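**Q** Shown below is the structure under consideration.
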Amino acid sequence: MLLHVGLLALVLLAAYRLYLRWGKRSGPGGAAQQSQAAPLPRMKRRDFSLEQLREFDGTRNPRLLLAVNGKVFDVTKGSKFYGPEGPYGIFAGRDASRGLATFCLDKDALRDEYDDLSDLNAVQMESVREWEMQFKEKYDYVGRLLKPGEEPSEYTDEEDTKDHTKQE
């Protein structure tokens, strides 16, 4: 009899914890309200300096961008990873190449000036290229990261549309 009471209490505790975790999402203000949040429109293609890229870190602007191997990606749809509270939030608004290549999530892996990655070894550079390919498959490419003194490209609406439809 005591065993049955103990099992019943354990089942009720498990059900309560599941309700706390999942029940709030489906109730008022839960997942239904979250899905009503309008997604941001596609960003027009443009090139970014490091300073311009920093504006898209999730604190000053709801859009999240990061650069990998000289290419800038809109990672807003991955905000649970790249948002300010996400495990990779340190990369938002920055050039993430060095951190991804070295598997380092510390601020030390990020540079405040343009990083040409010339000191990375062959394995690390291959890792950067693999990360770039993964980002190309999953996120929208929105432009290039400009080197100091480099002028931004002029993108036409046709180029922008063609590239976006190619990725879908």
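**Q** Kindly evaluate GLY93 against the criterion of being buried (at least 17 other Cβ atoms within 10 Å of the Cβ), touching a Phe, Trp or Tyr at 6+ places or on another chain (Cβ under 9 Å) and either polar (S, T, N, Q) or part of a helix (DSSP H, G or I) (or both).
**A** For GLY93, the condition - buried (at least 17 other Cβ atoms within 10 Å of the Cβ), touching a Phe, Trp or Tyr at 6+ places or on another chain (Cβ under 9 Å) and either polar (S, T, N, Q) or part of a helix (DSSP H, G or I) (or both) - is not met.
**Q** Same structure, new question: Restricting to segment 61-73, name every residue that is in contact (Cβ under 8 Å) with a residue 24 or more places away in the chain, open to solvent by 10 Å² or more (accessible area, probe 1.4 Å) and either among the basic types (Lys, Arg) or in contact with a Phe, Trp or Tyr (Cβ under 6 Å, 6 or more places away or on another chain) (or both).
**A** Within segment 61-73, LYS71 is the sole residue that qualifies.
**Q** Could you tell me which of the residues VAL68, VAL75 is β-branched (Val, Ile, Thr) and in contact with a Ser or Thr (Cβ under 7 Å, 6 or more places away or on another chain)?
**A** Among VAL68, VAL75, only VAL68 is β-branched (Val, Ile, Thr) and in contact with a Ser or Thr (Cβ under 7 Å, 6 or more places away or on another chain).
**Q** Still on this model: Does THR165 meet the test of being open to solvent by 80 Å² or more (accessible area, probe 1.4 Å), over 21 Å from ARG54 (Cα atoms), out of contact with any helix residue (DSSP H, G or I) (no Cβ under 8 Å at 6 or more places or on another chain) and at pLDDT below 95?
**A** Here the answer is yes, as THR165 does meet what is asked.
**Q** From the set of residues in segment 118-147 that are outside any helix (DSSP H, G or I), open to solvent by less than 30 Å² (accessible area, probe 1.4 Å) and touching a residue at least 24 places away in the same chain (Cβ under 8 Å), which is farthest from PRO41 (Cα to Cα)?
**A** Going through the qualifying residues, I end up with LEU146.
**Q** Test LEU100 against the criterion of being closer than 27 Å to SER153 by Cβ, part of a helix (DSSP H, G or I) and either open to solvent by less than 50 Å² (accessible area, probe 1.4 Å) or without any contact (Cβ under 8 Å) to a residue 12 or more places away in the chain (or both), and give yes or no.
**A** So LEU100 passes the test.
**Q** Looking only at segment 80-90, decide whether some residue is in contact with an Asp or Glu (Cβ under 8 Å, 6 or more places away or on another chain), outside any helix (DSSP H, G or I), open to solvent by less than 100 Å² (accessible area, probe 1.4 Å) and at pLDDT 95 or above.
**A** No.
**Q** Could you count how many residues in segment 103-117 are out of contact with any Leu (no Cβ under 8 Å at 6 or more places or on another chain) and exposed (fewer than 15 other Cβ atoms within 10 Å of the Cβ)?
**A** Adding up the residues that qualify gives 6.
The values are calculated or read from the model by the stated rules, or taken from the named source; none is laboratory data. Everything numeric in this text was worked out from a predicted model, so none of it was measured. A quick note on method: Cβ atoms are made from the backbone with ideal geometry, for glycine too, and the neighbour counts reach across all protein chains shown. All accessible areas refer to the heavy atoms of the entire protein, side chains included, with ligands and DNA or RNA removed. Shrake-Rupley method; radii C 1.70, N 1.55, O 1.52, S 1.80 Å.
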